Amino acid sequence: MDSTRKNRAEMVLALYRLVGKPCWGITGVNTGTMASLDFGDKIPRPVRLRNPHLTPDQQQYAGEIGLFIKEAAWRLDSRASVICGSLSSNHEGGPKHTGLSKLLGRRVTRVKVAHPGLDVTIGFEGGLRLQVFCDRTNTTDESDNYSVHLADRVYSVRTLSQIECLDLQNPRPLPIEPML
């Protein structure tokens with residue numbers, strides 16, 4: 001199996017591992033369209049984050065599995081209505097903040113990944129459903145739709161749903177440009 005197919009398969013399996021795990025961390029206030037969710041066990045961070053928009057737990061711990069929605073459109077639905085989406089107001093107390101807060105403490109009940117675009121739907125207890133639409137197709141801008149964060153690697157779903165994997169155990173050194 002080539003590395004692209006291997007990365008895709010590993011990332012999809014990581015998303016399926018969300019089933020049964022509680023969501024304990026949400027970040028989405030004053031972040032534009034972005035949202036970040038932490039699931040599963042709380043893994044101690046090597047260095048405490050000082051971001052005042054994070055809870056004390058988020059400052060001290062990372063999720064066993066993290067989902068970071070960067071540029072992709074997304075929407076949170078209940079069984080009866082649309083709660084909020086990526087373009088909802090993201091200010092404290094706004095629809096995005098209060099909507100995403102409904103996921104706190106809820107376990108994931110199902111995950112569906114659509115192929116070939118890698119749109120993802122995550123079902124939660126109580127009939128809530130988070131949908132992420134991989135709509136980044138402009139190859140000139142090259143941006144991430146979303147990324148899945150694990151203890152040892154990060155999978156990014158980039159433009160045109162191409163997968164990039166960053167191995168955190170063996171990161172590639174940054175190229176050094178000579179000074180002129």
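Taken together, the values in this text are just the output of simple stated rules run on the coordinates, not laboratory data. Fair warning: this is a prediction, and the values are worked out from it, not measured in the lab. Reconstructed Cβ throughout: ideal geometry from the backbone, glycine too, with neighbour counts over all protein chains shown.
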For this session: Name, by its number, the condition in (1) surrounded by 18 or more Cβ atoms within 10 Å (Cβ to Cβ); (2) in contact with a strand residue (DSSP E or B) (Cβ under 7 Å, 6 or more places away or on another chain); (3) not charged (D, E, K, R) that does not hold for residue 109.
Result: (1)
For this session: Name every residue in the stretch 11-28 that is farther than 13 Å from residue 40 by Cα and surrounded by fewer than 16 Cβ atoms within 10 Å (Cβ to Cβ), in order of residue number.
Result: 13
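Can we say residue 9 is under 20 Å from residue 152 (Cβ atoms), outside any strand (DSSP E or B) and in contact with a strand residue (DSSP E or B) (Cβ under 7 Å, 6 or more places away or on another chain)?
So residue 9 fails the test.
Per-residue answers, yes or no, for (1) in contact (Cβ under 8 Å) with a residue 40 or more places away in the chain; (2) under 24 Å from residue 3 (Cα atoms):
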| position | (1), (2) |
| --- | --- |
| 91 | yes, no |
| 99 | no, no |
| 102 | no, no |
| 109 | yes, no |
| 134 | yes, yes |
| 138 | no, yes |
| 161 | yes, yes |
| 166 | no, yes |
Seminar exercise, completed: Filter the stretch 140-161 for residues that are β-branched (Val, Ile, Thr) and within 13 Å of residue 70 (Cα to Cα); the one that is surrounded by the most Cβ atoms within 10 Å (Cβ to Cβ) is 157
For this session: Quick one: which strands (runs of 3 or more DSSP E) lie wholly within the stretch 59-167 and hold at least 1 residues that are under 16 Å from residue 37 (Cα atoms)?
Result: 61-69, 73-77, 82-85, 108-113, 120-124, 128-133, 146-149, 153-157
Problem set entry | Single unsatisfied condition, residue 58 versus (1) on the phi > 0 side of the Ramachandran plot; (2) without any contact (Cβ under 8 Å) to a residue 40 or more places away in the chain; (3) crowded, with 20+ Cβ neighbours inside 10 Å | (1)
For this session: Could you grab me the full set of residues in the stretch 71-103 that are under 27 Å from residue 158 (Cβ atoms), of a type in the set (Ser, Thr, Tyr) and either surrounded by fewer than 17 Cβ atoms within 10 Å (Cβ to Cβ) or in contact with a strand residue (DSSP E or B) (Cβ under 6 Å, 6 or more places away or on another chain) (or both)?
Result: 86
